[in-house]
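The values are calculated or read from the model by the stated rules, or taken from the named source; none is laboratory data. This one's a predicted model, so the numbers in the text were calculated from it and none came from an experiment. Every residue, glycine as well, gets a Cβ built from its backbone with ideal geometry; the counts of neighbours run over all protein chains shown.
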Amino acid sequence: MRLRIQKIGLWALGAALLLLQGCASVSTANPRDPWEGMNRRVYAFNDALDTVAIKPAAQLYVAVLPSPVRTGVHNFLGNLSDVWSLVNNALQLKGQATAETFMRINVNTFFGLGGLLDVATEMRLEKRKEDFGQTLGYWGVKPGPYVVLPIFGPSTLRDALATPVDMQGDAAQQLKDSATRNVLSVSKILDVRASYLQSLDVIKGAALDPYTFVRDGYLQKRAYEVHDGNPPPGFDYTEP
């Protein structure tokens with residue numbers, strides 16, 4: 001059952017990418033966004049889904065669980081995500097980052113009550129979050145056009161194609177018990193959305209065009225992450 005669900009998810013992602021590639025390009029001020037018409041429609045769908053389901057669930061999550069409990073959940077999920085970051089740091093041949101991430105996992109697991117406490121950060125072991133999209137970018141794979149994926153949200157063609165690999169590499173998805181996997185998946189969604197409750201409302205209220213604001217912010221953020229905060233001189237994030 002688990003394998004079947006994963007295959008369905010991968011096929012759905014692939015179908016969405018093929019649909020986007022088949023759409024006619026539209027005139028856009030940003031050359032990185034040739035599929036803007038389709039992207040805006042997917043953005044509107046995601047926004048509607050967030051309004052009716054995800055945001056209310058995140059608000060309930062914040063209202064019901066005390067802050068220390070939410071912090072523990074956030075730390076635990078972060079410790080699990082460090083496992084995949086460890087793999088990608090190693091794939092990028094970043095020796096120091098790999099060693100520090102390995103130490104983070106062990107310190108938080110054994111001294112942080114399984115990851116509920118972020119002892120590693122207090123020990124100044126920096127969190128170095130990496131995913132497969134960043135690994136591809138490190139080895140020279142261009143980001144390609146901007147893409148808004150259903151449910152997943154902002155992405156690029158490179159990052160979208162890397163998403164199935166990231167899903168397979170998620171330590172939480174390697175657990176055998178399906179109920180536990182589902183709880184962790186839902187908790188991850190609620191944890192992320194709860195952290196943006198106020199900021200997303202500000203964006204929607206202040207930005208003249210929230211879609212453009214999110215797109216440009218995402219592209220700059222990903223360029224920053226791929227280059228570890230040091231894009232090369234003259235780097236233009238608007239170029240595909």
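Picking from S187, S199, which residue would you name as being in contact (Cβ under 8 Å) with a residue 60 or more places away in the chain, polar (S, T, N, Q) and assigned to a helix (DSSP H, G or I)? Show your work before the answer.
On the way: S199 fails: in contact (Cβ under 8 Å) with a residue 60 or more places away in the chain.
S187 is the lone residue from the list that is in contact (Cβ under 8 Å) with a residue 60 or more places away in the chain, polar (S, T, N, Q) and assigned to a helix (DSSP H, G or I).
Just one of the numbered conditions (1) closer than 17 Å to W84 by Cα; (2) charged (D, E, K, R); (3) under 13 Å from the mean Cα position of the chain (by Cα) is not true of D191; which one?
Condition not satisfied by D191: (1).
From the list P150, P145, pick out the single residue that is over 22 Å from V192 (Cβ atoms) and not assigned by TED's automatic domain parsing to the domain that holds N75.
On the way: P150 fails: over 22 Å from V192 (Cβ atoms).
The match here is P145.
How many residues are of a type in the set (A, V, I, L, M, F, W, C) and either under 17 Å from W84 (Cα atoms) or within 20 Å of the chain's Cα centre (by Cα) (or both) if we restrict to segment 104-119?
Filtering segment 104-119 down to residues of a type in the set (A, V, I, L, M, F, W, C) leaves 105, 107, 110-111, 113, 116-117, 119.
Pick out the ones that are also either under 17 Å from W84 (Cα atoms) or within 20 Å of the chain's Cα centre (by Cα) (or both) and you get 105, 107.
Counting residues in segment 104-119 that are of a type in the set (A, V, I, L, M, F, W, C) and either under 17 Å from W84 (Cα atoms) or within 20 Å of the chain's Cα centre (by Cα) (or both) gives 2.
For segment 174-184, give me each residue that is loosely packed, with under 15 Cβ neighbours inside 10 Å and in contact (Cβ under 8 Å) with a residue 12 or more places away in the chain.
Correct list: S178 only.
Any residue at all in segment 126-141 that is free of Cβ contacts under 8 Å to residues at least 40 places away in the same chain, out of contact with any Pro (no Cβ under 8 Å at 6 or more places or on another chain), under 19 Å from I105 (Cβ atoms) and in the same structural domain as S81 (by TED's automatic domain parsing)? Step through it out loud before you land on a result.
To start, the set of residues in segment 126-141 that are free of Cβ contacts under 8 Å to residues at least 40 places away in the same chain comprises 126, 136, 140-141.
Restricting the remaining residues to those that are out of contact with any Pro (no Cβ under 8 Å at 6 or more places or on another chain) gives 126, 136, 140-141.
The next check asks that each one be under 19 Å from I105 (Cβ atoms); those that pass are 126.
Checking which are in the same structural domain as S81 (by TED's automatic domain parsing) leaves us with 126.
There is at least one residue in segment 126-141 that is free of Cβ contacts under 8 Å to residues at least 40 places away in the same chain, out of contact with any Pro (no Cβ under 8 Å at 6 or more places or on another chain), under 19 Å from I105 (Cβ atoms) and in the same structural domain as S81 (by TED's automatic domain parsing).
Considering only segment 155-166, state which residues are over 19 Å from Y218 (Cβ atoms) and either touching a residue at least 40 places away in the same chain (Cβ under 8 Å) or over 13 Å from the mean Cα position of the chain (by Cα) (or both).
Taking segment 155-166 as the starting set, the residues that turn out to be over 19 Å from Y218 (Cβ atoms) are 164-165.
P164 - this is the single residue of segment 155-166 that is over 19 Å from Y218 (Cβ atoms) and either touching a residue at least 40 places away in the same chain (Cβ under 8 Å) or over 13 Å from the mean Cα position of the chain (by Cα) (or both).
Are there helices (runs of 4 or more DSSP H) fully within segment 74-148 with at least 3 residues that are of a type in the set (F, W, Y) and either touching a Ser or Thr at 6+ places or on another chain (Cβ under 6 Å) or at pLDDT 95 or above (or both)? List them. Full working, then the answer.
On the way: elements: 95-111, 119-122, 132-138.
The qualifying helices (runs of 4 or more DSSP H) are 95-111.
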